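Enquirer: Have a look at the structure that comes next, please.
The values are calculated or read from the model by the stated rules, or taken from the named source; none is laboratory data. Computed from a prediction, not measured in an experiment: that's the story for all the values here. With ideal geometry, Cβ positions are generated from the backbone for all residues, glycine too; neighbour counts draw on all protein chains shown.
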Amino acid sequence: MKARMENGRTEDIKAVWFENGKVRMIDQRELPLKLVIVDFEDYRDVAMAIKNMTTRGAPCIGASAAYAMCLAGLKKEDLDEAARYIKAARPTAYDLFYATDWMYDRLKAGDDPVRAADAYSDLTVDKCRKIGEYGGALIRDGMKLMTHCNAGALATVDVGTALAPMRNAHDAGKKFFVYASETRPRLQGMQLTAWELNQEGIDHAIIPDGSAAYYMSQGVDMIIVGADRIAANGDFANKIGTFDKAIVAKHFGIPFYVAAPVSTFDFSTKTGKDIVIEQRSEEEMTMVKDIRIAPVGSKALNPAFDVTPAEFVTGFITEKGIFKPTEISEMKE
């Protein structure tokens, strides 16, 4: 992804990578005010970075898990224990489990830990480029698009899922506009998606979450979101607030696409009812930094994700092409 560094230069950088014996990643909690790179040498610390959202986004969580397993392999740690520890970091994003198992198998087969983790990361980026190519073809000049949360390069190592078609279309010279919802309570849309779109020079505006229906009523041509886990029937979990947008999109007849690599599809989960929804801390709702903004004594409920039924999905944009919910069984690896 393009990023303006402290020296004022724009450089290409990934969200997570391995360098000089360390896992390095962008601390996404510091964006957009500061671009901070943090280093880890222990797989447990990488797992904590996944848990506390130093790194986030399903494919990027997967790559981070791969590098965590890489550290465990390099230090000759117990791989079974490491895999259990890493998988416990967060419950919803399927890429976490997929990547951990992928690395476990390769390490058990004797593969070099760094080469294996780099291969997983590179494969993730290649998949995103293909998602961009398939999805970019859907975008036409003059379109108004909408997205929710952050499914860009920060969430996927590089390129993105939901933002990949937009990057592809922008690089092809197409002119379009993006509504980026703020995505409370952690504001990934405002702080991360808007930051990425700004770096790329893509025309956009941040909107309050509650205004999405209003803007759809005024004319939105397409919605593209990412996903954290997709069940075998096409139900999918994504950042809380996605289901709301899907319902309104169906009301107005707006195409609603989900961009995700095949590694996000969990074919062992039959329907969305079986997806575990992460419940996060009340403080994410009641506090801003160290200041309490909610009344003392009021409780808060903070689900990180919701599940959108397959009937609301126009199509899944994957590295293997675009599939209707009824067609996703064709993409099994």
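Enquirer: State the number of residues belonging to the range 95-120 that are under 24 Å from the mean Cα position of the chain (by Cα) and among the basic types (K, R).
Expert: Of the residues in that region, 1 qualify.
Enquirer: Quickly run through the range 115-153 and pick out the residues that are surrounded by 24 or more Cβ atoms within 10 Å (Cβ to Cβ), part of a loop (DSSP other than H, G, I, E, B) and of a type in the set (G, A, S).
Expert: A151, G152
Enquirer: Quick one: in the range 12-57, of everything that is touching a residue at least 60 places away in the same chain (Cβ under 8 Å) and over 22 Å from E200 (Cα atoms), which residue is surrounded by the fewest Cβ atoms within 10 Å (Cβ to Cβ)?
Expert: M53
Enquirer: Could I ask something else about it? Which residues, taken from the range 217-247, are among the aliphatic types (A, V, I, L, M) and either surrounded by 21 or more Cβ atoms within 10 Å (Cβ to Cβ) or in contact with a Lys or Arg (Cβ under 8 Å, 6 or more places away or on another chain) (or both)?
Expert: V220, M222, I223, I224, V225, A227, I230, A231, A232, A237, I240, A246
Enquirer: Another question about this same structure. Restricting to the range 204-215, name every residue that is surrounded by fewer than 17 Cβ atoms within 10 Å (Cβ to Cβ) and touching a helix residue (DSSP H, G or I) at 6+ places or on another chain (Cβ under 8 Å).
Expert: The one that is surrounded by fewer than 17 Cβ atoms within 10 Å (Cβ to Cβ) and touching a helix residue (DSSP H, G or I) at 6+ places or on another chain (Cβ under 8 Å): A213.
Enquirer: Here is a check on your reading of the model: is K270 basic (K, R), touching a residue at least 24 places away in the same chain (Cβ under 8 Å) and over 22 Å from G142 (Cα atoms)?
Expert: yes
Enquirer: Now for a separate question. Would you please name the residue that is nearest to L74 (Cα to Cα), looking only at residues in the range 108-138 that are among the acidic types (D, E) and without any contact (Cβ under 8 Å) to a residue 40 or more places away in the chain? So that I can check it myself, show each step before the final result.
Expert: Narrowing the range 108-138 to residues among the acidic types (D, E): 111-112, 118, 122, 126, 133.
Then keep just the ones that are without any contact (Cβ under 8 Å) to a residue 40 or more places away in the chain; that gives 111-112, 122, 133.
Numbers: D111: 11, D112: 9, D122: 20, E133: 36 Å.
The selected residue is D112.
Conditions (1) at positive phi; (2) assigned by TED's automatic domain parsing to the domain that holds F267; (3) crowded, with 24+ Cβ neighbours inside 10 Å; (4) not in a loop (DSSP other than H, G, I, E, B), marked per residue:
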{"site": "A68", "(1), (2), (3), (4)": "no, no, yes, yes"}
{"site": "Y85", "(1), (2), (3), (4)": "no, no, no, yes"}
{"site": "W102", "(1), (2), (3), (4)": "no, no, no, yes"}
{"site": "G110", "(1), (2), (3), (4)": "yes, no, no, no"}
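Enquirer: Taking only the range 289-302 into account, find how many residues are surrounded by 12 or more Cβ atoms within 10 Å (Cβ to Cβ), over 15 Å from N52 (Cβ atoms) and under 28 Å from the mean Cα position of the chain (by Cα).
Expert: Adding up the residues that qualify gives 1.
Enquirer: Can you tell me which residue is surrounded by the most Cβ atoms within 10 Å (Cβ to Cβ) among those in the range 176-202 that are out of contact with any Cys (no Cβ under 6 Å at 6 or more places or on another chain) and hydroxyl-bearing (S, T, Y)?
Expert: T193
Enquirer: State which residue pairs qualify: first residue closer than 14 Å to V262 by Cβ and inside the range 217-235, second residue surrounded by fewer than 20 Cβ atoms within 10 Å (Cβ to Cβ) and among the basic types (K, R) in any location, beta carbons under 6 Å apart, and separation of 6 or more residues or different chains.
Expert: Close Cβ pairs (under 6 Å, with a partner that is surrounded by fewer than 20 Cβ atoms within 10 Å (Cβ to Cβ) and among the basic types (K, R)) amount to A232/K270.
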